[in-house]
1. With everything on Cα atoms, drop me the angle between helix 26-37 and the longest principal axis of the chain, reported from 0 to 90° to the nearest 10.
2. Cut-off 15 Å, label point 7 angstrom out along Cα-to-Cβ of ILE19: give me the residues of region 30-68 whose amide nitrogen falls inside.
3. Of ALA87, ALA49, ALA101, which has the largest mean-square fluctuation in a 10 Å C-alpha GNM of the chain?
4. Provide the solvent-accessible area of THR67, counting protein heavy atoms only and rolling a 1.4 Å probe, rounded to the nearest 10 Å².
5. Which of [x] 52, 18, 12; [y] 33, 17, 10; [z] 29, 13, 10 is the computed semi-axes √(5λ) of the Cα gyration tensor in Å for the structure on display?
6. FRET efficiency for SER35 and VAL105, Cβ-Cβ distance as r, R0 = 35 Å, nearest 0.05?
7. Return the aspartates and glutamates within reach of LYS30: Cα separation strictly under 18 angstrom, same-chain partners fewer than 8 residues apart disregarded; answer none if there are no such residues.
8. What is the sum of charges around LEU83, taking Lys and Arg as +1, Asp and Glu as -1, for the other residues whose C-beta is under 13 Å from the C-beta of LEU83?
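The values are calculated or read from the model by the stated rules, or taken from the named source; none is laboratory data. Remember, it's a predicted structure, so these values are computed and weren't measured experimentally. Neighbour counts run over all protein chains shown; Cβ positions are idealised from the backbone, glycine included. For accessibility, only protein heavy atoms count, side chains too; no ligands or nucleic acids. Shrake-Rupley method; radii C 1.70, N 1.55, O 1.52, S 1.80 Å.
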Amino acid sequence: MKKYQLGEFEEIVMLTVGILFDEAYGVSIKSEIESRLQRNVSVGALQTALKRLEEKGYLKSQDGERTEERAGRPKKYFRITALGKKAMEYSKETRESLWNAIPEVAWKLKMV
């Protein structure tokens, strides 16, 4: 089912949007990923992923209120769509299926 495939970073972004729920906007998503994964995230990579996920129909954005602090620009908030939830479930099930298929003996081998 290619239509549900998520790249690793896309999956991380989707999971983070879910964690943040009503507070999922660019800066908060970036901060949450960096904090939880001790991984630097460039603004450009995040914006590209958010745009791509929205184009796929996995996320939907909505403008918040305009503030002086942001020079009158609104924050753009993101939410997971029903299709996005299906993509996330597919990704989780696929990973679990692969993990469960590893034979126990593979974990017991000693590599030199």
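1. The answer is roughly 30 degrees.
2. 30-41
3. Maximum among the listed residues: ALA101.
4. Result for THR67: roughly 60 Å² accessible.
5. Entry [y].
6. Efficiency for this residue pair is about 0.40.
7. Within the straight-line cut-off, LYS30 pairs with GLU8, GLU10, GLU11, ASP22, GLU54, ASP63.
8. Details: positive: LYS3, LYS56, LYS60, ARG79, LYS85, LYS86; negative: GLU54, GLU55, GLU89.
Once all neighbours under 13 Å are counted, the net charge is +3.
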